[in-house]
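The values are calculated or read from the model by the stated rules, or taken from the named source; none is laboratory data. Just so it is clear, the structure is predicted and the values come from calculations on it, not from any experiment. Methodologically, a virtual Cβ is constructed for each residue, glycine included, from the backbone with ideal geometry; neighbour enumeration extends over all protein chains shown. Side chains included, ligands, DNA and RNA excluded: accessible areas come from the protein's heavy atoms. Shrake-Rupley method; radii C 1.70, N 1.55, O 1.52, S 1.80 Å.
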Amino acid sequence: MSDASPLLSLPGAVGGNAPDNLVAAHYGSIAGEQRRLIEGGTFVDLSHRDVVTVTGPDRLTWLHSLTTQYLEGLEPGVHAEVLLLSPQGRIEHGFSGVDDGETFWAHTEPGAGAALVAFLDRMRFMMRVEVALATAEWAVIGLPQLDWKIVPRADLNTLPSELGDPVGLWAWEALRIEAGLPRVGMDTDELTIPNEAGLLNIAVHLDKGCYRGQETVARVHTLGRPPRRLVRLHLDGSVNHLPPVGSDVTLDGVRVGSIGSTARHHELGPIALALVKRNVDPAAELLVDGVAAGQELIVDPEAGLHVRPVLR
């Protein structure tokens, strides 16, 4: 997808930064838009995300066998978060999906759809499935409570009259970071395993059968102590910038991780997600691009089968 959203032509629209530069970051009221998204009567333009369709009678059984999620028998209309892992258990693809009884609809990060389709195509073998990149015809929109749906791309211009004036992506991102939900490729890297990113029981079903990378996930879950842990950072609000994605997170001058998504939350102030080494003291104040940062646990340093998850 290379064209900017038509909703960027609405009054007050300000485009975002890559990879979100094809949709509006905000429409002039950053804090107010977050409140509107919480209250309802609006939507978020997520049309820069790639849409992938999987059709055919074997689609759910096939996806179930490949992915971290329990998709066999998935009821129509039920949303699912899904990962595809490397044989070493590292996250290679992530997508959100829903089945309508005939088609499994998935959406993934901007620009990631072609690689996802290529991987799935290689794994079809004799299964009765067809995979297609459908971004040119279909678009994703975000709804209150971090919900979403897929609509015809040709209908984007008419959505304000049906759903109310849109709010920008920054509102969605602030609430997502508050919820501790990582974006694959932004809050993860090529080494990330699901245990580190707080994705067990969200995008990973712990009671399903074998899938690629399961051995690593199960071993770390059983033994505990993943190598790194996802943390929510509360950034110093007196500094007038947010650290760029990928900036080093340091403790006493030593690199202990890297930062992912950042946002200015209407109540919490500037916040971010970061992956840091497991043994970093959770009470320690960190530094990111010259900005002081306090930690809030998302993944417990001892996370595993015998450690209760941190409540969000």
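Within the range 64-75, residues that are charged (D, E, K, R) have Cβ atoms under 8 Å from residues that are open to solvent by 20 Å² or more (accessible area, probe 1.4 Å) in these pairs: Glu72/Leu60; Glu72/Thr61; Glu72/His64, counting only partners at least 6 apart in sequence or on another chain.
Show the residue pairs that are 6+ apart or on different chains and have beta-carbon atoms under 9 Å apart, the first residue being within the range 107-120 and closer than 20 Å to Val151 by Cα, the second being aromatic (Phe, Trp, Tyr) and at pLDDT 95 or above. These pairs meet every condition: His107/Phe95; His107/Trp138; His107/Trp148; Thr108/Phe95; Glu109/Phe95; Ala112/Phe95; Gly113/Phe95.
The set of residues in the range 1-39 being in a helix (DSSP H, G or I), open to solvent by 50 Å² or more (accessible area, probe 1.4 Å) and under 24 Å from Val51 (Cα atoms) consists of Ser9 alone. Residues considered: Phe43, Phe95. Of these, the only one that is of a type outside the set (Ser, Thr, Tyr), within 16 Å of Thr135 (Cβ to Cβ) and crowded, with 23+ Cβ neighbours inside 10 Å is Phe95. Selection of first residues in the range 128-140 that are among the basic types (Lys, Arg) and of second residues that are open to solvent by 80 Å² or more (accessible area, probe 1.4 Å), restricted to Cβ pairs under 7 Å at least 6 apart or on distinct chains, gives the following pairs, ordered by first then second residue: Arg128/Pro57.
Of all residues in the range 11-40, those that are within 14 Å of Gly164 (Cα to Cα) have Cβ atoms under 7 Å from Cβ atoms of residues that are open to solvent by less than 40 Å² (accessible area, probe 1.4 Å) and charged (D, E, K, R), 6 or more apart or on another chain, in Tyr27/Glu33. Quick check: is even one residue across the range 48-55 assigned to a loop (DSSP other than H, G, I, E, B), open to solvent by 30 Å² or more (accessible area, probe 1.4 Å) and in contact with a Gly (Cβ under 9 Å, 6 or more places away or on another chain)? Within the range 48-55 (the criterion being assigned to a loop (DSSP other than H, G, I, E, B), open to solvent by 30 Å² or more (accessible area, probe 1.4 Å) and in contact with a Gly (Cβ under 9 Å, 6 or more places away or on another chain)), the answer is yes, since at least one residue qualifies. Restricting the first member to the range 230-242 and to residues that are at pLDDT below 90, and the second to residues that are part of a loop (DSSP other than H, G, I, E, B) and open to solvent by 30 Å² or more (accessible area, probe 1.4 Å), no beta-carbon pair is closer than 6 Å while six or more apart or on different chains. With respect to Ala293, is the statement that it is over 24 Å from the mean Cα position of the chain (by Cα), aliphatic (A, V, I, L, M) and either open to solvent by 30 Å² or more (accessible area, probe 1.4 Å) or farther than 16 Å from Asp187 by Cα (or both) true? No, not satisfied.
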